[in-house]
Amino acid sequence: LKFIDLVLEVVDARLPLAGRNERLQKMLGGKKIITILNKSDLADKEITGRWLSVLAGDKGPVLAFDAKKMGGVKKLENLLLANRPQSIKYRRPLRLIVVGIPNTGKSTIINRLAGKFALRTGEKPGITRGPQWLRLRSGWEMLDTPGLLPPSLKGKSAASVFGLAAIGSLDIDSYDEEEVVLWLLERYLSGEKTRRSLFDCYSLGSEDILDVSGDLLYTIGARRGCLIKGGQVDKKKTARIVLRDFRKGTLGRISLEKPEDYNGTLSER
């Protein structure tokens, strides 16, 4: 950290609070942090706007970011330049570090800033195995680090753990995919816009929504042809399809948590 001028903390915009490693933030000490709400194109735009207001604080600015838009890269570069510490000698390049939990898109952001495919990316957590320095097209230097989760998720709510599993930050062997998908389907059914996008994706009608005890997952599996011997629906395969569609944005925009979910406890964090 003594070599670092600015910290970029990359957070999934769909899970902007539960998807932050609070222990990691403490480790960063007094370093100025720029928080990037990445994958903002997958989150509810209005809710993301509320999160931007809530998360903006003394540590540094917060930016909603869509790596698919090159205009966003220029905006990020300007933000970094504006927050360049005054103590840096003019000839020395700005040194950055990117941190966050697994699978939030850290390597993708670095590739955009580097202007080339400098790092491997993927849907599975743990693609980045160790810290590595890279030179960005601006001449700045950036240290990429592996995604870091707390040693234990004890104390986190069930919704937080389900959310981490849904966005792909947890190893696939550490959670039950069907349970996570049923929780995720409940989130989609709870809002008018999200319910409509779910219906459109899987060609569902209101008669298909009996409850979320498994019938909906069965219906989606039948529509997608996820059948096993005897004509039964393979719910495990169906759950993986739904998770894949969610992570790619096929199911439509959704935010898995809202500022008001925390009932005034945000100030304590």
Next item on the list: Output yes when any residue across the stretch 80-100 is touching a residue at least 24 places away in the same chain (Cβ under 8 Å) and within 13 Å of the chain's Cα centre (by Cα), and no when none is.
Entry: yes
Check: Hey, among the residues in the stretch 132-183 that are touching a Phe, Trp or Tyr at 6+ places or on another chain (Cβ under 6 Å) and assigned to a helix (DSSP H, G or I), which one's most open to solvent (accessible area, probe 1.4 Å)?
Finding: PHE162
Item checked: Identity of the residue in the stretch 184-221, of a type in the set (Phe, Trp, Tyr) and modelled with pLDDT of 90 or more, that ends up most open to solvent (accessible area, probe 1.4 Å) -> PHE199
Notebook entry, point to check: Quick check: anything in the stretch 49-72 assigned to a helix (DSSP H, G or I), in contact with a Gly (Cβ under 9 Å, 6 or more places away or on another chain) and either without any contact (Cβ under 8 Å) to a residue 60 or more places away in the chain or open to solvent by 10 Å² or more (accessible area, probe 1.4 Å) (or both)?
Noted result: no
Notebook entry, point to check: Which residues, taken from the stretch 238-251, are within 14 Å of GLY168 (Cβ to Cβ) and either open to solvent by 80 Å² or more (accessible area, probe 1.4 Å) or assigned to a helix (DSSP H, G or I) (or both)?
Noted result: ALA239, ARG240, VAL242, LEU243, ARG244, ASP245, PHE246, ARG247, LYS248
Check: Can we say ASP176 is closer than 22 Å to ALA43 by Cβ and either of a type in the set (Lys, Arg) or modelled with pLDDT of 90 or more (or both)?
Finding: no
Notebook entry, point to check: Out of the residues in the stretch 1-20 that are in contact (Cβ under 8 Å) with a residue 24 or more places away in the chain and out of contact with any strand residue (DSSP E or B) (no Cβ under 8 Å at 6 or more places or on another chain), which is surrounded by the most Cβ atoms within 10 Å (Cβ to Cβ)?
Noted result: ARG14
Next item on the list: Give me a count of the residues in the stretch 73-99 that are surrounded by 12 or more Cβ atoms within 10 Å (Cβ to Cβ) and either assigned to a strand (DSSP E or B) or not charged (D, E, K, R) (or both).
Entry: 13
Next item on the list: Check the stretch 233-249 and report whether any residue there is over 28 Å from the mean Cα position of the chain (by Cα) and either at positive phi or polar (S, T, N, Q) (or both).
Entry: no
Margin query: Please count how many residues of the stretch 212-237 are assigned to a helix (DSSP H, G or I), touching a residue at least 24 places away in the same chain (Cβ under 8 Å) and under 30 Å from THR48 (Cβ atoms).
Written below: 2
Next item on the list: Give the residue that is surrounded by the fewest Cβ atoms within 10 Å (Cβ to Cβ), with candidates limited to residues of the stretch 222-232 that are at negative phi and either polar (S, T, N, Q) or over 30 Å from the mean Cα position of the chain (by Cα) (or both).
Entry: LYS229
Notebook entry, point to check: Looking at THR104, THR35, which is the one that is among the polar types (S, T, N, Q), buried (at least 21 other Cβ atoms within 10 Å of the Cβ) and assigned to a loop (DSSP other than H, G, I, E, B)?
Noted result: THR104
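The values are calculated or read from the model by the stated rules, or taken from the named source; none is laboratory data. Source: prediction; values computed, not measured. In this analysis, Cβ positions are derived from the backbone assuming ideal geometry, glycine residues included, and neighbour counts consider all displayed protein chains. Quick note on the areas: whole protein, heavy atoms, side chains included, nothing else; ligands and nucleic acids left out. Shrake-Rupley method; radii C 1.70, N 1.55, O 1.52, S 1.80 Å.
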